[in-house]
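Undergrad: After the structure tokens below, expect a handful of questions from me.
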Amino acid sequence: MSDQAHERLLIVDFGSQVTQLIARRVRESGVYCEIHPYDKVNAASLNAFAPRAVILSGGPASVTEDESPRVDQAVFELGVPVLGICYGEQAMCAQTGGRVEAGHHREFGRAEIEIVRDSPLFAGLGEIGACEPVWMSHGDRVTAIPEGFQAIAISKGAPFAAIADENRRLYGVQFHPEVAHTPRGALILRNFTHRIAGLSGDWTMARFREEEVARIRAQVGQGRVICGLSGGVDSSVAAVLIHEAIGEQLTCVFVDTGLLRQNEAEQVVTLFRDHYNIPLIHVDAADLFLGQLSGISDPETKRKTIGRLFIEVFDKEAAKIEGAAFLAQGTLYPDVVESVSARGGPSAVIKSHHNVGGLPDFMKLKLVEPLRELFKDEVRALGVELGLPPAFVGRHPFPGPGLAIRIPGEITPEKVAVLQQADAIYLDEIRKAGLYDAIWQAFAVLLPVKTVGVMGDARTYESVLALRAVTSTDGMTADFFEFPWPVLAKTATRIINEVRGVNRVVYDVTSKPPGTIEWE
């Protein structure tokens, strides 16, 4: 944030896959925080950000290796509370006089810590001697703690599972309190932010809405803004917020790629043009997209084709809007974090099929990104604050390329129509069963496989359809949803009876293990 209006907490990122979870847990307790890469944190940046507390994240490196990541020593000289998590604890010890060694007993997965000393960090967790389930992920371990520290918890594989220097308000935990697999981890983090750091928790959506409206007005002035409306939650919330700030100075461009869910285009037009009275240009480009996707099977080529076409269509429409000087985008905070990630690796490639690409520099528009400080759940909360229909705000995530990534192989109008119909039936049955809000994401996939079947007195040779439904609290780990079999049976029966082209339905029970960050 550009001002000092909120109490701030700084998260120093050492490259953990779940660093963003730390921020989400902290935000959930009403504390504003930001993630900064470890190599961008120094005395000057600390002075500019002025954090009231600091958390050091986990990371994949070993403190025992030469040139492994370290945080600037200025962090420990700020005089504010510091909490090191996993690698963060080890880095804290290595930099303040302790010792970390490799080759000891490793702990990965569920474990138990025993509380051995009173500390405000563990307030509400139990008396001395109480055991607490946690999630561990470490191979190295602390073998000697710095002067002034004491062990406040131990585990089978870590004699210093949690440590504290209460006088300097420096704390370290070898486990991950941010993940759902540490059941009372959120309480530990809240103890750190509220009890130890004394933060009040002034981060609310009502206050964010008020401040962001003022910021948008100041940035845009009398200029005109165009917004690429996808129909998804992010761009929709951004559009409604910007419209509240500048009214008729906003024009939305909705490009219908023909790859949306059934009746979604009509719903978007009705919501924004009729309900909110927001100026909206609706471009029906389905024939263009489906025509140029014909014959393409490679998923990356499909994504890039969709991205290129989207830019071309959007640019053509934007050029018709006289005086347009700003482009509104639904950029979220995870996008910002990933763009300056402290950790390299395959993430960009893994995620590329979820997005259609950004807009090129030749468009010469200044960006308006009102959601760039928010996580997905915060965007939903803002949508509710703005009065968007709960059913719309609570919709399951939908990828940028739409149904294109749910049709492996070549895209054809016939396949899209089959998938749209089957997907609509699936979601309809989930809603009728009262299960929609219990599921984080549900969708159908039209597999590039055909099977022989018999329907009535005739033999069929038609496609296999896969159904997916997962539960998740954060979108970073997930497990398959345990459907009541009668619901699945009814759904499958309806799809087979009503959707011509499908003769077999399967349910995918794949899970996403802890520590995995990518998801559609």
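Undergrad: List every residue pair whose Cβ atoms lie under 6 Å apart, where the two residues are 6 or more positions apart in sequence or sit on different chains, the first residue falls within segment 109-137 and is of a type in the set (Asp, Glu), and the second residue, located anywhere, is surrounded by 16 or more Cβ atoms within 10 Å (Cβ to Cβ).
TA: GLU114/ILE154; GLU132/ILE113; GLU132/LEU125
Undergrad: For ASN47, work out the one condition from (1) over 23 Å from GLU77 (Cα atoms); (2) of a type outside the set (A, V, I, L, M); (3) surrounded by fewer than 23 Cβ atoms within 10 Å (Cβ to Cβ) it doesn't fulfil.
TA: It fails just one condition, (1).
Undergrad: Here's another thing I want to ask about it. Looking at (1) open to solvent by 10 Å² or more (accessible area, probe 1.4 Å); (2) touching a residue at least 40 places away in the same chain (Cβ under 8 Å); (3) under 25 Å from the mean Cα position of the chain (by Cα); (4) farther than 30 Å from ASP284 by Cβ, find the lone condition where THR182 falls short.
TA: The single condition THR182 does not satisfy is (1).
Undergrad: Only one of these is more than 28 Å from GLY291 (Cα to Cα), open to solvent by less than 60 Å² (accessible area, probe 1.4 Å) and part of a strand (DSSP E or B): VAL237, VAL225, VAL213. Name it.
TA: Just one listed residue meets the conditions, VAL225.
Undergrad: Another question, then. Taking ALA44 as the residue in question, decide whether it is at pLDDT 90 or above and under 15 Å from LEU199 (Cβ atoms).
TA: No, not satisfied.
Undergrad: For ARG27, work out the one condition from (1) in contact (Cβ under 8 Å) with a residue 60 or more places away in the chain; (2) out of contact with any Ser or Thr (no Cβ under 9 Å at 6 or more places or on another chain); (3) part of a loop (DSSP other than H, G, I, E, B); (4) open to solvent by less than 30 Å² (accessible area, probe 1.4 Å) it doesn't fulfil.
TA: (3)
Undergrad: Sort through GLY258, GLY291, GLY307, GLY247 and tell me the only one that's under 27 Å from the mean Cα position of the chain (by Cα), assigned to a helix (DSSP H, G or I) and not aliphatic (A, V, I, L, M).
TA: Only one candidate passes the filter, namely GLY307.
Undergrad: Give me a count of the residues in segment 497-520 that are modelled with pLDDT of 65 or more and either open to solvent by 40 Å² or more (accessible area, probe 1.4 Å) or part of a loop (DSSP other than H, G, I, E, B) (or both).
TA: Qualifying residue count, segment 497-520: 11.
Undergrad: Return the pair list, or none, for Cβ contacts closer than 8 Å from residues in segment 321-348 that are over 19 Å from ALA238 (Cβ atoms) and of a type in the set (S, T, N, Q) to residues that are modelled with pLDDT of 85 or more and surrounded by fewer than 20 Cβ atoms within 10 Å (Cβ to Cβ), at least 6 apart or on different chains.
TA: Hits for this filter: SER341/GLY15; SER341/PRO37.
Undergrad: Please go through segment 74-131 and give me each residue that is surrounded by fewer than 17 Cβ atoms within 10 Å (Cβ to Cβ), in a helix (DSSP H, G or I) and aliphatic (A, V, I, L, M), ordered by number.
TA: The one that is surrounded by fewer than 17 Cβ atoms within 10 Å (Cβ to Cβ), in a helix (DSSP H, G or I) and aliphatic (A, V, I, L, M): ALA74.
The values are calculated or read from the model by the stated rules, or taken from the named source; none is laboratory data. Remember, predicted model here, so these are calculated numbers, not experimental data. Note: ideal-geometry Cβ built from the backbone for every residue, glycine included; neighbour counts use all protein chains shown. Only protein heavy atoms, including side chains, enter the accessible area calculation; ligands, DNA and RNA are left aside. Shrake-Rupley method; radii C 1.70, N 1.55, O 1.52, S 1.80 Å.
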